Amino acid sequence: MKKYFLFEHLLIIIFVMIIFSYSAIAHDIKLGGQLNTSLTGFYDRQLGFGYIPQANLDLELFLPLKNNSEIRCAGYSSINIAEGKVDFLWKKLYWKHRFDNFHLTIGRQPVSWSFGSLLNPVDYSLGAAALDRDYNTKFQNAIEIYYPINWHTSLSLLSSSPGSLEDSKIGLRGRTLINDFDVTVHFVQEQVLAAEPGQQRFGITAKGDIDRFSVYSALGYYHDDVDSFSLLAGTDYSYFFQSGNQLYFQAEYLNIPPELLSQITGSMMSAQWEGKDKNIHLLVSNASYQIDEFSSIGLTSLYNFSDDTILFLPTYSNQINTNTTLEIQAAIKMESIEESDLKSLKLIVGTPAHIFVEIGINYAF
C-alpha cells in the first residue's frame, strides 16, 4: 500500500511541474465541474427506514494541447453530511502524447472497454461501468499504448495497478470492422506480479446495425480455479415522434457465472448460487422517453431467472435552467416468496426487500 501512495504522490509532483511549464499559456487554462447535492431516503427489511444527505463535487482542469501532448486533471470529492466524512478520488491525472505511430498515456486514467451494453461481463475491470454509471474501479493508475493500424483497426496494450503492486494487471485489446460490425478481441491477466497469478479473461464483442435495430453480443471465457463462460446478447431501438420526442428501448440477455453478478452490477444484485458451477440467467432492459427538450423519464429493470429477484430503477430528469438539473432516482428490489398464496397479490409479486428514493440537484459550471 505504501508503494501505491508513493506512486500517486510521484504522479502529483510530476504533474505540478508540467503544469508550471504551461505558464506561458496560463490564460488558456480553465476550471470546470459540477456540484451535486442529494437526499436519499431508504427502507431495508432489516435496518428499517433512514435517510442520507450527501454532496459531491466534480472538478476538472482543462489544459490546452501543446506539442501533441495532453494533460488531464479531474477529481471527485464526496461529502457524507450525516457522518461528517469527506472522501476524495482522482479520476484523471495523466499525460498523453501522440507520437507518429502510437499514443502513450501515463497516469491516473479512466479504463473501460465498453461497447454500448447495459452490463459488461468482459470489461477490463468488471463493474467499471454498469447501467450508465461509472464506478471507482474504472479509474486506475495505468500505462496505455494505443497503436492505430488503419482507420478501422487498432491495438491497445494496458498495464495498471488498481491498488498495491501485487494487484497489477495487464490487458491487450484488438479492434476492427468486419462486415460493418465493430468487433473487439481482448485478454486480461489479473494479479500478474503475485506469487500465484490471478484470473485470466478472454473476451469477444461485436456490435452493428440490422435494419433499424442495433444489435450486439459478447462472449467471455474465465480461466481460474474453475473455468467458466459468459454470453451476452442485446439490442436497442430509437423511435422519433414528429414532435421531436424520442422513445428509446434497450434489452439484453446474459448467461453468466453466479460470482460475476455482483461485480458487473456494481453490487446492486448478488446471486444466491455463488460458488456453484452453474450459470445464472439475467434479463436487463431500459426504456426512456424524452418528454421535451429539457426533461425525460426512464425505467431500468433487472430480472434474475435463477432466484426470481427483480430490481426496478425508475429515473426522472428535468433541466431547470442552463446550469441546474433536477434528478429523481429510485430503486425497488423485489424478492420472491416460496410459499405463495394465490389470493394475495403481494405474495404473488413478492415483497420489497430494499427501497430507496434519491432527490438531487446538479449545478454545472
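The values are calculated or read from the model by the stated rules, or taken from the named source; none is laboratory data. None of the values given here were measured: they were computed from a predicted structure. Virtual Cβ from ideal backbone geometry, glycine too; neighbours counted across all protein chains shown.
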### Message
Of all residues being within 19 Å of Gln329 (Cβ to Cβ) and at pLDDT 85 or above in segment 58-86, which is surrounded by the most Cβ atoms within 10 Å (Cβ to Cβ)? Just the residue, please.
### Response
Tyr76
## Note on the structure
Counting only residues in segment 23-50 that are over 28 Å from Ala330 (Cα atoms) and not in a helix (DSSP H, G or I), the one modelled with the lowest pLDDT is identified as Ile29
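Listed here are the residues, each with its yes/no results for (1) under 20 Å from the mean Cα position of the chain (by Cα); (2) of a type outside the set (D, E, K, R).
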position: Glu166; (1), (2): no, no
position: Asp180; (1), (2): no, no
position: Pro197; (1), (2): no, yes
position: Ser217; (1), (2): yes, yes
position: Asp224; (1), (2): no, no
### Task
Output the residue which, of all residues in segment 245-264 that are modelled with pLDDT under 90 and part of a loop (DSSP other than H, G, I, E, B), is surrounded by the fewest Cβ atoms within 10 Å (Cβ to Cβ).
Asn245
### Task
Could you please tell me which pairs satisfy a Cβ distance under 9 Å, a separation of 6+ or placement on different chains, a first residue in segment 275-299 that is within 30 Å of Asp224 (Cβ to Cβ) and surrounded by fewer than 14 Cβ atoms within 10 Å (Cβ to Cβ), and a second residue that is modelled with pLDDT of 95 or more and among the polar types (S, T, N, Q)?
His281/Asn255
### Task
Filter segment 308-319 down to the residues that are touching a Phe, Trp or Tyr at 6+ places or on another chain (Cβ under 8 Å) and under 11 Å from Ser295 (Cβ atoms), then identify the one that is surrounded by the fewest Cβ atoms within 10 Å (Cβ to Cβ).
Asn318
### Message
Restricting to segment 70-104, name every residue that is among the acidic types (Asp, Glu) and either in a strand (DSSP E or B) or farther than 30 Å from Tyr51 by Cβ (or both).
### Response
Glu70, Asp87, Asp100
### Task
Determine whether Gly208 is farther than 23 Å from Lys333 by Cα, in contact (Cβ under 8 Å) with a residue 24 or more places away in the chain and in a loop (DSSP other than H, G, I, E, B).
no
### Task
Taking Ala129 as meeting all but one of (1) more than 24 Å from Leu231 (Cβ to Cβ); (2) out of contact with any strand residue (DSSP E or B) (no Cβ under 7 Å at 6 or more places or on another chain); (3) buried (at least 21 other Cβ atoms within 10 Å of the Cβ); (4) not charged (D, E, K, R), write down the number of the exception.
(1)
#### Entry: Condition broken by Asn179, with the remaining ones in (1) modelled with pLDDT of 95 or more; (2) within 30 Å of Gly208 (Cβ to Cβ) satisfied
(1)
### Query
Here are some conditions: (1) crowded, with 18+ Cβ neighbours inside 10 Å; (2) farther than 21 Å from Trp90 by Cβ; (3) in contact with a His (Cβ under 7 Å, 6 or more places away or on another chain). Ser156 meets all but one. Which one does it not meet?
(3)
#### Entry: Failed item in (1) in contact with a Lys or Arg (Cβ under 7 Å, 6 or more places away or on another chain); (2) charged (D, E, K, R); (3) free of Cβ contacts under 8 Å to residues at least 40 places away in the same chain, with Lys92 passing the rest
(3)
